[in-house]
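A quick write-up on the structure given underneath.
The values are calculated or read from the model by the stated rules, or taken from the named source; none is laboratory data. The structure displayed is predicted, hence computed values, not measured ones. No Cβ is skipped: glycine too gets one built from the backbone with ideal geometry, and neighbour counts run over all protein chains shown. Ligands, DNA and RNA are excluded from the accessible area calculation, which covers all protein heavy atoms including side chains. Shrake-Rupley method; radii C 1.70, N 1.55, O 1.52, S 1.80 Å.
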Amino acid sequence: MTDKTQSIHGQWSSRFAFILAATGSAVGLGNIWKFPYITGENGGGAFVMVYLLCVAALGIPIMIAEIMLGRRGRQSPINTMQSLSKEAGADPRWHYLGWCGMIAGFLILAYYSVIAGWSMAYIVKDFFGGFINSNADEIQRLFENLMASPLQQIFWHTVFMIITMQLVMRGVQNGLEKAVRFLMPALFVILILLVAYAMSSGAYDQGMTFLFNPDFSKIDADAVLTAMGHAFFTLSLGMGAIMVYGSYLPSHVSIAKTTFFIAGADTIVALLAGIAIFPLVFANNLEAAAGPGLIFQTLPLAFGHMTGGWLFGLLFFILLFFAALSSSISLIEPAVAWLVENKNIERHQACVWAGSACWALGIGVVFSFNIWSDLKFFDKNLFELLDYLTANLMLPLGGMAIAIFAGWMMKQSHAEQELEIPAKGFQAWQFLIKYVSPAAVFLVSLHVVGVL
Ligand code: TRP
């Protein structure tokens, strides 16, 4: 059914187009919304160090492996794993990995879309001058009002899902390739401006100390798991998103170099977001551990008081929305590609099915912030449960499976042929995915379960 050199869904127009799409997938709410709030909840510096270590030692090698498997398989993750396990003479059940990934993508998008909806709501709030000269209490009330309103949140969640589906329908190359080309650099510039503002806010040193001065007594096994899970989340690893993007990658492109670029850009954006936010938190006596509302309760304060803040605020939330959009399409692409390949339906139909299912689950997530906030499973509301299940469990385990497959199952000559890197680099990569990644995920899991 497949031509070895190209996917039936098409191909990126160039290496640059792939870099843009994959960076667009990696850079998203994870960097700007999630990284700061989980860093705040987990005490700062030590957590950031563990996260950076996980990006370097697990994230980069596994990203190389995931792109490589995708490009060799040239199909949706489920079918890719099926044909690659056949090629490698491995157990055909490896294709369940593709299934788990597809489900993880669903579960993530259900809450991702709700949070992206918050950023859309904030575009409008800024536009009508909602932040101008507001104090911390007023800004906090603004956020609490949004949380208390299922209707507002459902409205924006619905709009976001519709836009996502529209984009996925058109195929990833059209539209998004072009949009991301200029939006990513723009986001970067706005972040630098916010960092400059944070430097003048009075508590810059305190913010930097919080972020970069590790105090290991502040973290426990669960914090390490969260940091590790976030390394997978922020790089879009462990569920087939990068694999499906890799399946549209032209054959001659260097996977390793591309990976370094994506991981580097992603990490810089996250750190800049942290540097912009924490000085504001301390300067205004806010709570670093405020949770998912952190950026919505801090940044509007800056926008409400800085010169040109109305415009910067507007641009910031618009860019955040676009960053979320370029990530959300990669969460649903594996499911859409699989529906088209296996269910013999058109791309637009596949989008409607997959999107509707995510939308429905997202309604439950909206309720978990208001009318269902007391409904707990394992002491977590639905949003927290979905986040924990996907980011902390499914992605690291999926990443571990990808590492094991690429390191132990696949023929070494095939990996060498795909990667085309010097022998030393190849050996280092192999060591990391064969031993380091599986062992790290396994040990952290045991710790959390309480065995160690
Ligand atoms: N990486 C994105 C972010 O940081 C989210 C994301 C997109 C993702 N695709 C993914 C996370 C696949 C895990 C898996 O916002």
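When region 218-238 is filtered for residues that are open to solvent by 10 Å² or more (accessible area, probe 1.4 Å) and touching a residue at least 24 places away in the same chain (Cβ under 8 Å), the ones remaining, listed by number, are K218, I219, A221, D222, V224, T226, F233, S236. Looking at region 19-37, is at least one residue within 23 Å of F442 (Cβ to Cβ) and either away from the ligand (no atom under 14 Å from the Cβ) or not aromatic (F, W, Y) (or both)? No, the conditions are met nowhere in region 19-37.
Regarding G73, is this residue more than 30 Å from F182 (Cβ to Cβ), buried (at least 20 other Cβ atoms within 10 Å of the Cβ), away from the ligand (no atom under 16 Å from the Cβ) and at pLDDT 90 or above? Quick ask: steps written out before the conclusion?
On the way: more than 30 Å from F182 (Cβ to Cβ): yes; buried (at least 20 other Cβ atoms within 10 Å of the Cβ): yes; away from the ligand (no atom under 16 Å from the Cβ): yes; at pLDDT 90 or above: no.
It is false that G73 is more than 30 Å from F182 (Cβ to Cβ), buried (at least 20 other Cβ atoms within 10 Å of the Cβ), away from the ligand (no atom under 16 Å from the Cβ) and at pLDDT 90 or above.
Kindly indicate whether any position in region 37-44 is out of contact with any strand residue (DSSP E or B) (no Cβ under 9 Å at 6 or more places or on another chain) and either under 20 Å from I402 (Cβ atoms) or aromatic (F, W, Y) (or both).
Of region 37-44, the ones out of contact with any strand residue (DSSP E or B) (no Cβ under 9 Å at 6 or more places or on another chain) are 37-44.
Filter once more, so that each one left must be either under 20 Å from I402 (Cβ atoms) or aromatic (F, W, Y) (or both): 37.
Yes: region 37-44 contains one or more residues that are out of contact with any strand residue (DSSP E or B) (no Cβ under 9 Å at 6 or more places or on another chain) and either under 20 Å from I402 (Cβ atoms) or aromatic (F, W, Y) (or both).
Could you tell me whether region 337-349 includes any residue that is open to solvent by less than 30 Å² (accessible area, probe 1.4 Å), within 16 Å of the ligand (Cβ to nearest atom) and within 20 Å of the chain's Cα centre (by Cα)? Yes - at least one qualifying residue is present in region 337-349.
Within region 295-322, the residues that satisfy the criterion of being within 15 Å of the ligand (Cβ to nearest atom) and at pLDDT 90 or above are I295, L320, F321. Annotation for region 180-193: at least one member residue is away from the ligand (no atom under 16 Å from the Cβ) and open to solvent by less than 40 Å² (accessible area, probe 1.4 Å).
Restricting attention to region 354-383, the residues being open to solvent by 10 Å² or more (accessible area, probe 1.4 Å) and in contact with a His (Cβ under 9 Å, 6 or more places away or on another chain) number 2. Within 15 Å of the ligand (Cβ to nearest atom) and farther than 20 Å from Y388 by Cα - does that describe any residue in region 220-241? Scanning region 220-241 turns up no residue that is within 15 Å of the ligand (Cβ to nearest atom) and farther than 20 Å from Y388 by Cα.
Could you check, for region 38-55, whether at least one of its residues is within 13 Å of the ligand (Cβ to nearest atom), in contact with a helix residue (DSSP H, G or I) (Cβ under 8 Å, 6 or more places away or on another chain), within 25 Å of I295 (Cα to Cα) and not β-branched (V, I, T)? Steps first, please.
Keep residues of region 38-55 that are within 13 Å of the ligand (Cβ to nearest atom), which gives 38, 51, 55.
Then keep just the ones that are in contact with a helix residue (DSSP H, G or I) (Cβ under 8 Å, 6 or more places away or on another chain); that gives 38, 51, 55.
Adding the requirement that they be within 25 Å of I295 (Cα to Cα) leaves 38, 51, 55.
Now drop any that are not not β-branched (V, I, T), which leaves 51.
Yes, there is a match, as at least one residue in region 38-55 is within 13 Å of the ligand (Cβ to nearest atom), in contact with a helix residue (DSSP H, G or I) (Cβ under 8 Å, 6 or more places away or on another chain), within 25 Å of I295 (Cα to Cα) and not β-branched (V, I, T).
All conditions in (1) within 16 Å of the ligand (Cβ to nearest atom); (2) crowded, with 24+ Cβ neighbours inside 10 Å hold for G207, with the sole exception of (1).
Taking region 95-130 as the search range and keeping residues that are away from the ligand (no atom under 16 Å from the Cβ) and open to solvent by less than 10 Å² (accessible area, probe 1.4 Å), which one is farthest from E144 (Cα to Cα)? Can you show your working first?
Within region 95-130, the first condition is being away from the ligand (no atom under 16 Å from the Cβ), and the residues that meet it are 95-96, 121-130.
When the remaining residues are screened for being open to solvent by less than 10 Å² (accessible area, probe 1.4 Å), the result is 121-122, 126.
Values: A121: 13, Y122: 13, D126: 16 Å.
Step by step, filter region 95-130, then rank; the result is D126.
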